[in-house]
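A short write-up of the structure that comes next.
FYI, it's all coordinate maths here, none of it is from the lab. Predicted model only: the values in this text are computed from it and were never measured. Every residue, glycine as well, gets a Cβ built from its backbone with ideal geometry; the counts of neighbours run over all protein chains shown.
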Amino acid sequence: MHMADALLAPGVAAVMIAASGTAAGLSIRDLRRDDAAAKLPTMAVTAALVFAGQMINYTIPGTGSSGHLCGGMLLSALLGPQAGFLSMIVVLVTQCLFFADGGLLALGANIWNMAFYGCFVGYYLIWRPIMRSRLFSGLGDRGGSRARIALASILGCVITLRLGALSVVIETTASGITELPFGAFAEIMLPIHLAIGLVEGLITTAVLLFVHETRPELLMDAGDAQAGASRWTLRSTLVTLAVVAALVGGVLSLAASGNPDGLEWSIFGNADGGYSANMGLDEEAYGVSSAAADAAEAIQEKTAFLPDYAFADSESPAGTTVSGLLGSAIVAALAVALCALGGFFRRRRKA
């Protein structure tokens, strides 16, 4: 769901940058109140896992489209909404600057659409109420927790991904892109992101159930019933997740679907693959152009050393592998730096 700069008028892009920047500033402020050092290893590993997961597009059968992990629900369930949101920002900024995935002018909108809903709406309105409820209590402590995790993960991913898709429609409408009328665009965007959200919910469930079985205290709002139930050490759990991130980004990413993702499919269709043209926009000339977008593109051309997760002017699959491994490492390092920054401000405030 990474928006390109052509989908946003500069004024709309500025509003979304301000909204996302405000949410980030409040999250950093709140992170000062937490023990940032305690979250640092988990934040680094899980952010890298989400970056790697976003490299794998999975096919949505019968549509000619594909989807990929968004990650907001996953990170907020493990880190809390503030640290999860900041981790998502690290992922999206890394993708934008170093891999030219998503427009630089559209970065604020992409953060809002892909991170804000999953981390804040998903956590406060879905994850926490369900995890603190007595739903499935008849299954016992462990069985009930598993069922609540599955319900919160799937429901959260479906709802928050569709909210992000709806925001894309609203933002393009506000940008005056008449080729994407609100009603027709929404009729395509919302159903395809329902399917994508269902798959993401299953992936999120699998990861969180693994954590539940190994280090349940890592899960937010898991309840006191799980205290002392750890079967693995924290190091073993995080090393396992780090290995999974490396395998996903460095190996499994080579098998990613070549179909356009939900947003691209909605706008351009997949007529070449024998599917619907949908909105049928020209991939070479669509949306709006502006001096701000041109300047943002010029910056990206200088910073993106592996554009589209590949070596420049090369179709070697090694470019994808290097992108997955290097990108995951960059995200982990930036997450550590951001977490340490929050800890610095927290200590300075106490002093």
## Note on the structure
If the chain between R235 and D30 were fully extended at 0.36 nm per residue, the gain over the current Cα-Cα distance would be 71.2 nm
### Query
Arranged by the count of other C-beta atoms within 10 angstrom, fewest first, what order do Y286, Y117 take?
Y286, Y117
## Note on the structure
A correct fewest-to-most ranking of V50, V91, V251, V169 by other Cβ atoms within 10 Å would be V251, V169, V50, V91
### Summary
For the A329, S137 Cβ pair and Förster radius 30 Å, calculated FRET efficiency rounded to 0.05 is 0.10
### Task
Report the residue, chosen from D294, D101, D261, that carries the largest GNM mean-square fluctuation when the chain is represented by alpha-carbon nodes joined by springs under 10 Å.
D294
## Note on the structure
Note to self, the chain gives a 222 nm [θ] from helices alone (DSSP H runs n ≥ 4, -39500 (n - 2.57) apiece, / all residues, nearest 500) of -20500 deg cm²/dmol
### Summary
In the chain, helical segments from DSSP H whose Cα atoms cover 30 Å or more along their own axis and that average at least -1.0 on the Kyte-Doolittle scale are 10-31, 140-174, 182-214, 318-350
### Query
Where the convex hull is taken over the Cα atoms of the stretch 14-94, what is its projected area averaged over directions, in nm²?
6.5
### Task
Work out Dmax and Rg for the stretch 5-350 from the C-alpha atoms and quote the Rg first, both in angstrom.
19.8, 62
### Cα centroid of the stretch 65-80 to Cα centroid of the stretch 150-178, whole Å
14
### Query
Among K39, K302, which comes first, second and so on when ranked by fewest other beta-carbon atoms within 10 Å?
K302, K39
### Task
State to the nearest 20 debye the size of the charge dipole of the stretch 5-350 about its Cα centre, where the only charges are +1 on K and R beta carbons and -1 on D and E beta carbons.
2320
